[in-house]
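One structure is given below, encoded as structure tokens.
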Amino acid sequence: MRSTTIAGNWKMHKTQAETKAFLQEFAPRWQPQGGVEVVLCAPFTALAMLSGAIAATGLPVAVGAQNVHWAEVGAFTGEIAPGMLVELGTKYVVVGHSERRQFFGETDETVNQRVRAAQAHGLTPILCVGETKALREQGQVESWIFGQLDRALADVATLPVIAYEPIWAIGTGDTCAPAEANRVLAAIRNHLGDRGGDTTLLYGGSVKGSNIAEILAQAEVDGVLVGGASLDPQEFAQIANAARPGK
Ligand code: 13P
């Protein structure tokens, strides 16, 4: 059985005080279920308080970060080392988000290095892949995504969680039709071969309380990576409550 994961990617949102307020609103609305992993990928500055609050309340939320460097330490101004995340109780880390690729020069090669370093420290990467509108219009969805996957997963023994996030569906309200998301996830699973069968595959891009049921109903969708709608504790609780244990 594959595990179900509902992950919120807060991006560059929420101070420590806002994180605390989120948890206070979220906790009473969320019904945790065995076999459904709920993850909050917060800014680095909120990770310690998130871990501390979770430990104090027993809320079964997993902590995630949004980037990780591959070196142990070094002269890499503005980056964060895997061991630093582990010390803060981090379990997951988003790697290769399209915003990092677009705005911060992330390449498949650096994504690969980040995936391997994260895994070497016991972190579970959430590897993001996805095509632009132009690539989709040129009929290059699969070839693009397979290329991203092959390069990001070079010399990676254990597959990370993989999130399919079509760039044109991120923050636009233009959700990929659930059946199309399912089709692409099936192609990804097939491309991963023997290793794909029990890999957790997520969909991300304009996931909301209003479309979560239809998205999770798709056979290949093991969960979601939620941006904007994860900032609202009420809506994120609705999304988390819609999930069921693995397929
Ligand atoms: P939105 O849910 O805001 O479209 O963002 C998706 C995303 O990028 C999650 O990583």
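Only the coordinates and a few stated rules stand behind these numbers; no lab work does. Computed from a predicted model, the values in this text were never measured in an experiment. A quick note on method: Cβ atoms are made from the backbone with ideal geometry, for glycine too, and the neighbour counts reach across all protein chains shown.
Listing for the model above:
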item	result
Segment 1-97, relative contact order in percent, only Cα pairs under 8 angstrom and at least six apart counted	28
For the chain, built as a Gaussian network whose Cα springs stay under 10 Å, the top-fluctuating residue of Q66, Q113, Q33	Q33
Debye log10 I(q)/I(0) at q = 0.10 Å⁻¹ for the chain, Cα point scatterers	-0.43
Among the listed pairs K20/K133; K208/K247; K11/K208; K20/K247; K133/K247; K14/K247, those beyond 27 Å (Cα-Cα)	K20/K133; K20/K247; K133/K247; K14/K247
Orientation-averaged projected area, Cα convex hull of segment 105-181 (nm²)	5.8
Computed magnitude of the charge dipole of the chain (debye, nearest 20; Cβ of K, R +1, Cβ of D, E -1)	360
Dipole of segment 118-220 [Lys/Arg +1, Asp/Glu -1 at C-beta], most positive-end residue of G171, L159, F146	G171
Within segment 44-121, trypsin sites (Lys or Arg not before Pro) in DSSP loop having at most 11 other beta-carbon neighbours inside 10 Å	none
Relative intensity, log₁₀ I(q)/I(0), of segment 41-175 from a Debye sum that treats every alpha carbon as a point, q = 0.12, 0.14, 0.20 Å⁻¹	-0.50, -0.66, -1.17
Value of relative contact order over segment 100-224, rounded to a whole percent, pairs C-alpha under 8 Å and six or more apart	24
Given charges at Cβ of Lys, Arg, Asp, Glu: segment 1-99 dipole, positive-most of V94, P32, T45	P32
Net dipole in debye of segment 169-231 [+1 Lys, Arg Cβ; -1 Asp, Glu Cβ; about Cα centre; nearest 20]	80
